[in-house]
Amino acid sequence: MKRLIVMLMVLVFVGVGVAVAADTYTYEASQGKVSFTHKAHSDKLKDCSKCHKGTPAKIDVTKDVAHKDLCKKCHQEMGGPTKCGDCHKK
């Protein structure tokens, strides 16, 4: 029984470590998947508040957030990709 509990605890800690270490997020979209690499964006922007309001946390990316409110607007201002096929990959 002790062995089972120890094994479960190890699995939980490994799972938490992997979740915290995730750097690339993939979003499903009708025009193709969009991959977002957090490190590349944070290295370029060097200011969490450009995307995160308040305490940094995962952003709920919707179509409007991506196309109107945050992503595409920033890409236009910073010279990032703005064409559909630049971000959407089938």
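FYI, it's all coordinate maths here, none of it is from the lab. In this text the structure is predicted, and so the values were computed from the model without any measurement. We place every Cβ from the backbone using ideal geometry, glycine too, and count neighbours over all the protein chains shown.
How about segment 40-62: which of its residues are closer than 19 Å to Tyr27 by Cβ and in a loop (DSSP other than H, G, I, E, B)? Listed by number, the residues that qualify are Cys51, His52, Pro56, Ala57, Lys58, Ile59, Asp60, Val61, Thr62. The residue list Val65, Val34 contains one member that is surrounded by 12 or more Cβ atoms within 10 Å (Cβ to Cβ) and not in a helix (DSSP H, G or I), which is Val34.
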